[in-house]
Amino acid sequence: MKMYQVDAFTAQQFKGNPAAVIVLDYWLDDALMQNIALENNLSETAFVKIIDDENYEIRWFTPTTEVDFCGHATLASSFVVFKDFSQSKTIQFHVKDLGIFTVSQVEDGRIQMNFPIRCAQLVTEYPDVLRQALTKPFKEVYLNAQAYIVVYNTVQDVLDEQPNLELLKQLGRIRTAITAADSNSDVDVAITAHDQKYDCVSRYFAPANGINEDPVTGSVHTGIVPIWADKLSKQNLLAYQASSRGGELYCRILDNERIEISGYGKLYMQAEIFVE
């Protein structure tokens, strides 16, 4: 069985978020897919089932569980489909409970993904364990279906945060994102590649899913970016996820509660795996 590994949300090898991708004619047994994801020990392994040249189903597994949405592994899967499986420059992923993700690849190789916005609401009540787990001061907390999105005062605080992961694990299926607007040019130079100016910076923690800190997370930016789009009065934002690997997300607010999140992919590996 052929498997690919792609670094997502980066044009540089060993940056971004690595995802494994397996393209199938039919679904494997769920337990087998989970075991493959555990063996890979990446944030996500994506399984893609072919419907036709332009239509595919997709599922995502962390090392410990199946998840309902994963942006970086969708980008990695799109990269693989465009490379080896489809002649089209636009494809559709059919996703359980989330509808259709339309994905296109432009001339320079950047992959544009049309996702539903997962709107985050400002909350004044949240678990004490969230505040106990975070060491830096913060000013707002939002919540959507995926995560607590915690707005910090400065980008430097986001970069310096060392959360108590055992406490965050107690939040269960709700993960934790921390974010700030990038208004400090000195910090900007410290984290920026190619002198890019980022509109917002984030980090993302999901220890209950077997991922202490995710390198780059497309899905959570469907909640983060609309917050900053409103605060900054901008429709187009360049976001940076400040993990040790780092990654860039080109984001655009669309009509009808949709968002376009774009990025590059870099192929790392093509392999043959042997499963019973």
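Summary of computed values
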quantity	calculated
Segments 58-70, 9-21 sorted - mean Cβ within 10 Å per residue, highest first	9-21, 58-70
Length released on extending from Asp160 to Glu57, taking residue separation times 0.36 nm less the Cα-Cα span	33.2 nm
Extension gain, Lys83 back to Asp230 (0.36 nm per residue minus Cα-Cα distance, nm)	49.3 nm
Most to least packed among 42-54, 114-126, 211-223 [average Cβ atoms within 10 Å]	211-223, 42-54, 114-126
Dimensionless Rg/Rh of the stretch 86-125 - Kirkwood Rh, Rg from C-alpha atoms	1.19
Normalised convex hull volume, the stretch 13-152, alpha-carbon set, Å³ per residue	154
Under 15 Å from Lys231, Cα to Cα: aspartates and glutamates that are on another chain or at least 8 residues apart	Glu140, Asp182, Asp199
Mean-position separation - Cα centroids, the stretch 227-274 and the stretch 131-180, in angstrom	19
Largest-first ellipsoid semi-axes for the stretch 201-245, taking √(5λ) over the Cα gyration tensor eigenvalues, angstrom	23, 11, 7
Residues of type lysines that Lys49 reaches as a straight line, Cα spacing below 29 Å, ignoring anything fewer than 8 places off in the same chain	Lys2, Lys15, Lys83, Lys89, Lys96, Lys266
Rounded D (µm²/s) - the chain, Kirkwood Rh over Cα pairs, Stokes-Einstein at 25 °C, 0.890 mPa s	131
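Taken together, the values in this text are just the output of simple stated rules run on the coordinates, not laboratory data. Just so you know, these numbers come straight off a predicted model, no measurement behind them. Using ideal geometry, Cβ is built from the backbone for each residue, glycine included, and neighbour counts are taken over all protein chains shown.
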